[in-house]
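Contents: one structure, followed by commentary.
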Amino acid sequence: MAKAYRTLDEFWPFYLREHSKPLTMGLHVAGSLLSLAVLVVCAFFGAWWWLLLALPVGYGFAWFAHFVVQHNRPATFTYPWMSFVSDWRLVWVTLTGRLGHERRRFGVA
C-alpha cells in the first residue's frame, strides 16, 4: 500500500526519487513548459480549442518518461494534485539551478 502523504513537503522527496533519472526529469520539464506554451498560445490568439492539447502534451511527455525511461508508475495516478504541483516545483528548481541541491538534499542519486 502506498504511503499517505499529507503535505507537499512530505511528498517532494518521494517525487524526486520517482524521477531520479535525468532524462525523466528533463522530459517532465519539457512537457510542462510545452503545456505552458500551449496556454500562452490560447491566451494570445484566443484559440481556446488548443486548451485540449495542454494536458495531453504535458502528461504525454511525463508518462512516456515513467513507462519507457524510469520504468515506474506515474505518481499522478495515486497523488494527482501533489504530483501536479510537484511537476511545477521541478520546473522551478530546474530553471533556477537548484535541482542538484534538491537531489543532494534528499539523497537522490
Leading residue at positive end of dipole, the chain (Cβ point charges), from Val68, Val85, Trp12: Trp12
Please compute the Kirkwood hydrodynamic radius of segment 15-105 from all pairs of different C-alpha atoms, in Å with one decimal. 13.5
On a 0 to 90° scale, report how tilted helix 80-95 is relative to the longest principal axis of the chain, with both axes built from alpha carbons and the result rounded to the nearest 10. 90
Rounded to the nearest 20 debye, what is the charge dipole size of segment 13-109 about its Cα centre when +1 sits on each Lys and Arg Cβ and -1 on each Asp and Glu Cβ? 360
Folded to 0 to 90 degrees: helix 22-45 orientation relative to the chain principal axis, Cα: 30
With a 10 Å Cβ neighbour count serving as the proxy for reagent exposure, in which order, fewest first, do Asp9, Asp87 appear? Asp9, Asp87
DSSP-loop trypsin sites (Lys or Arg not before Pro) across segment 1-78, with at most 11 other Cβ within 10 angstrom: Lys3, Arg6
Compute the relative contact order of the chain as a whole-number percentage, counting only Cα pairs closer than 8 Å that sit 6 or more residues apart in sequence. 32
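Could you give the length gained by full extension between His101 and Leu55, i.e. 0.36 nm per residue of separation minus their alpha carbon distance, to one decimal place? Write down the numbers at each step before the final one.
Details: separation 46, 0.36 × 46 = 16.56 nm, distance 2.89 nm.
Working it through step by step, the gained length comes to 13.7 nm.
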About the Cα centre of segment 64-109, how large is the charge dipole given +1 on each Lys and Arg Cβ and -1 on each Asp and Glu Cβ? Please answer in debye to the nearest 20. 180
Loop-only trypsin sites (Lys or Arg not before Pro) in segment 33-103, please: DSSP not H, G, I, E or B, and at most 16 other Cβ atoms within 10 Å. Arg98
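Bear in mind these aren't lab numbers, they're just calculated from the coordinates by the rules spelled out. This structure is a prediction, so every number in the text was calculated from the model and none was measured. Note that we place each Cβ from the backbone using ideal geometry, even for glycine, and neighbour counts take in every protein chain shown.
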